[in-house]
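The values are calculated or read from the model by the stated rules, or taken from the named source; none is laboratory data. Since the model is a prediction, treat every value here as computed from it, not as a measurement. All Cβ positions, even for glycine, are placed from backbone atoms using ideal geometry, and neighbour counts span all protein chains on display. To get the accessible areas, we keep the full protein, side chains included, count just its heavy atoms, and leave off ligands, DNA and RNA. Shrake-Rupley method; radii C 1.70, N 1.55, O 1.52, S 1.80 Å.
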Amino acid sequence: MRYLPHSDAERRDMLDACGLKSLNDLYAHLPAEALFPRSLDIPAGKSEYEISDYFKQQAARNANGYASFLGAGVYSHYRPVLCDVVVSRGEFLTSYTPYQAEIAQGTLTTIFEFQTMVCQLTGMEVANASMYDGSTAVPEAAMMATRVTGRHKFLVAANLHPEYREVLDTAARNAQLHVESFGYDPKTGAIDVPALESKLDKDIACVILQSPNFFGIVENIKQASELAHKHGALLVVVFSEAVSLGLVEPPRDADIVVGELQSFAISPSYGGPFAGIIATKEKYMRQIPGRLVGETKDADGNRAFCLTLSTREQHIRREKATSNICTNQALIALMATVFMSVYGKQGLRELAEQNLAKAHYLAKGLDLPFSGPFFNEVVARPKGRTPEEANAALLDRKIIGGLPLGRFFPELKDSMLLCATEMSKRADIDAVKEVLL
């Protein structure tokens, strides 16, 4: 929306219509101590030319042209131009929420397609109209498991994205729920199955694990599912790298799948906004948070769409709501939907194969602490340098290195998490290996 300033004459007309002499009269009813009597001590406004020049100067300071091997939940992938073209259209960009189906068929259609594609991607039967992001989808899934099972304890894999775990801990603490960790195998980097089995009991609502996990290792979902179900618990599978689902078997053995679609044409943008997903089996549909768009027919028998289930507090009584989510990332989810439409099933598979091949080329010859199968992220130990020193050396070559893991995992303070995608060039990969070796 454009900013349209008012002239002095227009402001005078509005004041006259209100029976006021000045803008200060608008605040005459307030006590003096609530008012700020002087002007703000800020510089005078700049002209449009000065502002444009300022931002050009600041942009020149950015790290343009740098290769990046940083992943850890936010990934550098190619963004088809068509995604921006579609989401920038006025009918999508300015729409808010589809309360009135008769005037919101376009938005409802795109959300319905989004839900359909998420189900195909995850192997689940039902998906909702998106979440804020992957991290907030995790506690929503945990609380959903509590409603289904009536239990109040969660078992969480230690190799879950640590920031996702922090969000879960915050939500659980304020909902009087109990979160407990189980470890990972120091040899493979995958979950420690015996440790998981030893902690499962009749009080566990769900087991939460990530695949590929934070170390990039692909987990054995079927084995974890069998263990969880043996004790009456649900299995929640998390993903942060959506491209992996183009190649890795969908987590059909899970009860709830949550994750982040940032990889699907959503710009990193300093950490957001992103689009989370939550999908589940049809028998748990009424416990899913947020809202679902369904297909129906209008009065003339034509195909139409409407809000089928809306279990958020804006639609039903607060005490019966499954979540206090009051909106969703519909515009960002549309971007992911366009991405999935552009690539299609075969294209997404080929994209995933590129990521896999480049990551394994990067890993070849490096000192890898974990032996488990990995997708496009891998943990490596630089030789003769700390991860921070290795990153400084890479930065001199205009390369953004990996994430030093000591920040989250003290036992891995000598290791870093590296990511290679279709955007990684062979020359840059070779340069990274040269520094790490």
What's log10 of I(q)/I(0) for region 340-380 at q = 0.24, 0.26, 0.33, 0.35 Å⁻¹, Debye sum over Cα points only, no solvent?
-0.76, -0.83, -1.10, -1.17
Enter the accessible area per residue of region 345-437 (Å², integer; probe 1.4 Å; all protein chains in place).
49
If we sort 373-379, 22-28, 392-398, 236-242 on the protection proxy, mean other Cβ atoms within 10 Å, highest first, what's the order?
236-242, 373-379, 392-398, 22-28
Mean projected area (nm²) from the convex hull of Cα positions in region 215-308 is 9.0
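Work through the residues other than ALA171 whose Cβ is under 12 Å from its Cβ and net out their charges, Lys, Arg +1 and Asp, Glu -1.
Overall, the nearby charge balance is -1.
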Which residues qualify? For GLU125, with a placed amide H closer than 5 Å and at least 5 residues away or on another chain, they are THR280, LYS281, GLU282
Expected sort for 267-274, 365-372 on mean C-beta neighbours within 10 Å, highest first, is 365-372, 267-274
In nm, to one decimal, how far is the modelled label at SER39 from the one at TYR66, with both set 7 Å along Cα→Cβ?
4.0
Which percent of the accessible area of the chain is formed by carbon and sulfur heavy atoms (probe 1.4 angstrom)?
53
Using only Cα atoms and rounding to the nearest 10 degrees, what angle (0 to 90) does helix 330-363 make with the longest principal axis of the chain?
30
For region 92-242, count the residues as N, evaluate 2.2 N^0.38 Å, and divide the Cα radius of gyration by that value, please.
1.16
With respect to the cross-link table entries LYS281/LYS345; LYS383/LYS433; LYS358/LYS425; LYS283/LYS345, which display a Cα-Cα separation exceeding 19 Å?
LYS281/LYS345; LYS283/LYS345
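How much mean residue ellipticity at 222 nm does the chain get from its helices, if each DSSP H run of length 4 or more adds -39500 (n - 2.57) and you divide by all residues, to the nearest 500 deg cm²/dmol? Walk me through the numbers before you get to the answer.
Working: 12 runs with 153 residues, N = 437.
After summing the helix terms and dividing by the residues of the chain, the value is -11000 deg cm²/dmol.
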Give me the number: length gained by fully extending GLN346 to ASP203, i.e. 0.36 nm times residue separation minus the C-alpha to C-alpha distance, one decimal in nm.
47.2 nm
Cα-based helix-to-principal-axis angle, 221-230 vs the chain, degrees rounded to 10:
90
Take peptides 255-262, 175-182 and line them up by average Cβ neighbours within 10 Å, highest first, as a rough protection proxy.
255-262, 175-182
Give the label of the value calculated from the structure for Kirkwood radius over Cα pairs in Å, choosing from [x] 23.6; [y] 24.3; [z] 26.2.
[y]
Estimated FRET transfer efficiency (GLU163, ASP53; beta-carbon r; R0 51 Å; 0.05)
0.85
